[in-house]
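K.L.:
I have a structure here, written as structure tokens, and I will follow up with some questions on it.
Throughout, read-outs are computed from the coordinates displayed, never taken from laboratory work. Note that the coordinates shown come from a computational prediction; the quantities given were computed from them, not determined experimentally. Reconstructed Cβ throughout: ideal geometry from the backbone, glycine too, with neighbour counts over all protein chains shown.
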Amino acid sequence: MAETKVSGKTKEIIISSEKPTVLIGERINPTGRKKLSAELQKGNLDIIEKEALEQVSAGADIIDVNVGATGVDEVVLLPEAISRLMEKIDVPLCLDSSNPKALAKALEIYQGKALVNSVKGEESSLKTILPLIKEYNAAVIALPVDEAGIPFTVEKRLEISAKILNAAELLGISKENIIIDCLALTLGTNDQAGKIVLATIENIKEKLDVNITVGASNISFGLPDRNLINNVFLAAAISKGLTCPIVDVAAVIQSVLAIDLVLGKDRFALRYVKNYRRKKAEGGGGCIKSLT
Amino acid sequence: MGKLSELAQALMELNEFKFLELVDEKLKKKEDPLEIIKECNAGMVEVGNLFSENKYFISELMFSAELFKEAMKKLEPFLGNSKTKEQSGEIVIIGTVEGDIHDIGKNIAANLIEGSGYRVIDLGVDVPAEKFVEELKKTGAKVLGLSAMLNFVFPEMKNVVDSIAEAGLREQVKIIIGGAPCNEQVRKFCGADYYAKDASAGVTICQEIYSSE
């Protein structure tokens, strides 16, 4: 079974289907967040520091960092954001950008083994991103999409994933350093989207034996009671082989800990009980507040 | 709460890393392993108390027994001439009486008692009275734990106690009953010596019995 290791300045995280689910905090991403976008456009990084600290205290294992708001020069701002966060938190960071130059600059100053988000199956992406991963010995999230866009069949997603793994192998990047994003699309526009992503997870785990992520919140986009759907989806996906979802940590951690416990990944229920106590100390109840 | 040693405190807090490290450290300093076990016992008692007060969950009770077992593994090679409870023959026989097949509570009790250093002979579930008598004769155990989850097997619990008396073994052994529907009244009805309201109470009773010799 594949073990992906990533690290911050001091803390190493191991992603593996044998271990508890690793949560990648999604909140530092300007997509659909006006206030964050406005602050990033001003070059103000206070807000991302606050978001990072909050996510870590909510239980995030890795923090995704995307500063790509409209009008922002990511080549400058991404490394700035990364070095600012490295001073404050010791969990690994996920460098999230579609700009290869910004990724290169950020990797240059990163201390530890970074996770990069993301490489795609199209040639231009494979040619620019994979050499960076090799050069900096990083791990990377791979999206099984290509020139034709997002595939809707399990077979096509599997095919592109295998293609990315091959391209990586040719450069000497081991499959432990590739995490496949199985592409959670919204159920709001396609009521089969959940079924497809679950089948993709199952197939990729079985045939390629790699670690798997999804942007979990996408699944519920446009629907009411999003947290309910996100939590239920995560439980189903983790039981199929999802190992490191990108999530709003505070909103899903209780379900994730519960499913880890159910799946035998939480020795003596220690993590589950610890989180329960933490919630209780904060004055929260024992169940998912946002569900009610 | 009396002042706990650092080791007992680490066990009470279920701080696995610190607890096992302290055991290693003490062994390196050639401290008496029996003293280390005593400190562990003090920690186990605290965990039991926290559980009884509903401050710890059952998974944590089980984890404390696991930690104690891990410590015992480290200690065993150093015990040499000093006798552990097991070697000195401190045996506890336990089982669910005939007519009842529930074993969750019984297993928890067995685990915890074993974690406290006793040799536990677990006869399983649906155990006939003769089997308890036979095992008591064979081992000379001084403690017997009877478990029941169904209230209609209370007469069977009494039957076990009576059979032990008939076999002339009643003086040899103290009998503890436990299980969700049991209480002090049931104990009287059966003629048992103790009623344990939960697994950690059972451990305390075993310690009482064996230390009062």
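K.L.:
For the range A:4-291, with equal point scatterers placed on the C-alpha atoms only and solvent neglected, what are the log10 I(q)/I(0) values from the Debye formula at q = 0.16 1/Å, to two decimals?
P.N.:
-1.38
K.L.:
In the neighborhood of A:P100, defined by Cβ-to-Cβ distances under 11 Å, what is the net charge if each Lys or Arg adds +1 and each Asp or Glu adds -1?
P.N.:
With Lys, Arg at +1 and Asp, Glu at -1, the neighbours total +2.
K.L.:
As a test of the formula, what do you get for chain A when each DSSP H run with n ≥ 4 contributes -39,500 (n - 2.57) and the sum is divided by the residue count, at 222 nm and rounded to the nearest 500 deg cm²/dmol?
P.N.:
Estimated from H runs of four or more residues: -14500 deg cm²/dmol.
K.L.:
Run the helix sum for chain B: -39,500 (n - 2.57) per DSSP H stretch of 4+ residues, divided by residue count, reported at 222 nm to the nearest 500 deg cm²/dmol.
P.N.:
After summing the helix terms and dividing by residue count, I get -17500 deg cm²/dmol.
K.L.:
Per residue of the range B:101-107, in order, report the coupling 6.51 cos²θ - 1.76 cosθ + 1.60 (Karplus, θ = phi - 60°) as ³J(HN,Hα) in whole Hz, putting x for Gly and Pro.
P.N.:
The phi angles translate into 10, 6, 9, 5, x, 4, 5 Hz.
K.L.:
Where Lys and Arg each count +1 and Asp and Glu each count -1, what net charge lies around B:V143 among other residues with Cβ under 9 Å from its Cβ?
P.N.:
Cβ neighbours under 9 Å give a net charge of +1.
K.L.:
Continuing with the same structure: Do any trypsin sites (Lys or Arg not before Pro) in the range A:137-168 lie in a DSSP loop with no more than 11 other beta carbon atoms within 10 Å, and if so, which? Intermediate results must be reported in sequence, preceding the final value.
P.N.:
Values: sites: A:K156, A:R157, A:K163; in loops: none.
Those that pass, being in a loop and sparsely packed, number zero.
K.L.:
Could you compute the FRET efficiency for A:V75 and A:L171, with r as their C-beta to C-beta distance and R0 at 25 Å, rounded to 0.05?
P.N.:
That gives a FRET efficiency of 0.60.
K.L.:
Let me test this: with uniform point scatterers at the alpha carbons of the range A:134-229, what is the Debye-based log₁₀ I(q)/I(0) at q = 0.16, 0.18, 0.19, 0.26 1/Å?
P.N.:
Taking Cα atoms of the range A:134-229 as identical point scatterers yields -0.67, -0.81, -0.88, -1.35.
K.L.:
OK, next. Lys and Arg at +1, Asp and Glu at -1: add these up for the other residues within a Cβ distance under 14 Å of B:N183 and post the number. Display every interim value, and only then the final one.
P.N.:
Working: positive: B:R187, B:K188, B:K197; negative: B:E184, B:D198.
My count for the surroundings of B:N183 gives +1.
K.L.:
Given Cβ point charges of +1 (Lys, Arg) and -1 (Asp, Glu) and nothing else, what value in debye, to the nearest 20, does the dipole of chain A about its Cα centre take?
P.N.:
Working: 36 positive and 37 negative charges, 169 e Å.
Dipole about the Cα centre, nearest 20: 820 debye.
K.L.:
With charges only on Cβ, +1 for K and R and -1 for D and E, what is the dipole size of the range A:20-79 about its Cα centre, in debye, rounded to 20? Please report the intermediate quantities before stating the final value.
P.N.:
On the way: 6 positive and 10 negative charges, 52 e Å.
Roughly 260 debye, rounded to the nearest 20.
K.L.:
Can you give me the P(r) profile for the range A:74-197? Cα pairs, bins 10 angstrom wide beginning at 0, each as a whole percent.
P.N.:
All Cα pairs considered, the percentages come to 13, 41, 30, 15, 1.
K.L.:
Could you give me the ³J(HN,Hα) list for the range A:142-155, computed from phi with Karplus coefficients 6.51, -1.76, 1.60 and θ = phi - 60°, whole Hz, x at Gly and Pro?
P.N.:
10, 9, x, 10, 9, 3, 7, x, 7, x, 9, 9, 4, 4
K.L.:
Right, here's the next one. Could you work out Rg/(2.2 N^0.38 Å) for the protein assembly as shown, with Rg from alpha carbons only?
P.N.:
1.24
K.L.:
Right, here's the next one. What is the magnitude of the charge dipole of chain B about its Cα centre, with +1 placed on the Cβ of each Lys and Arg, -1 on the Cβ of each Asp and Glu, and no other charges, expressed in debye to the nearest 20?
P.N.:
Charge dipole, chain B, about its Cα centre: 380 debye, nearest 20.
K.L.:
Next question. Please enumerate, by chain and number, the aspartates and glutamates with C-alpha under 15 Å from the C-alpha of B:K188, excluding those fewer than 8 residues away in the same chain.
P.N.:
B:E156, B:D162
K.L.:
Dipole of the protein assembly as shown (Lys/Arg Cβ +1, Asp/Glu Cβ -1, origin at the Cα centre): which of B:P77, A:A60, A:S255 lies farthest to the positive side?
P.N.:
So the residue we want is A:A60.
K.L.:
If you don't mind, there's one more thing I want to ask. Among B:K142/B:K197; A:K207/B:K74; A:K9/A:K265; A:K42/A:K113, which pairs are too far apart, with a Cα-Cα distance over 31 Å? Intermediate values should be presented prior to the final figure.
P.N.:
On the way: B:K142/B:K197 20 Å; A:K207/B:K74 42 Å; A:K9/A:K265 26 Å; A:K42/A:K113 29 Å.
Where the Cα-Cα span goes over 31 Å, the pairs concerned are A:K207/B:K74.
K.L.:
While we're on this one: Answer rounded, prolate or oblate for the range B:6-79, using the Cα gyration tensor with square roots of eigenvalues a ≥ b ≥ c: rounded when a/c is under 1.5, else prolate when a/b is larger than b/c, else oblate.
P.N.:
Working: a/c = 2.20, a/b = 2.12, b/c = 1.04.
Note, shape of the range B:6-79 comes out prolate.
K.L.:
Would you mind ranking A:S118, A:S98, B:S5 by Cβ crowding within 10 Å, fewest neighbours first?
P.N.:
If I rank by nearby Cβ atoms, fewest first, I get A:S98, B:S5, A:S118.
K.L.:
For q = 0.18 Å⁻¹, what log10 I(q)/I(0) does chain B give under the Debye formula with an equal point scatterer on each alpha carbon and no solvent?
P.N.:
Relative scattering, expressed as log10 I(q)/I(0), comes to -1.21.
K.L.:
I've got another one for you. Test of understanding: in a Gaussian network model of chain A with alpha carbons linked when under 10 Å, which of A:I133, A:I179, A:I89 would top the mean-square fluctuation ranking?
P.N.:
Evaluated over chain A, the most mobile residue of the options is A:I89.
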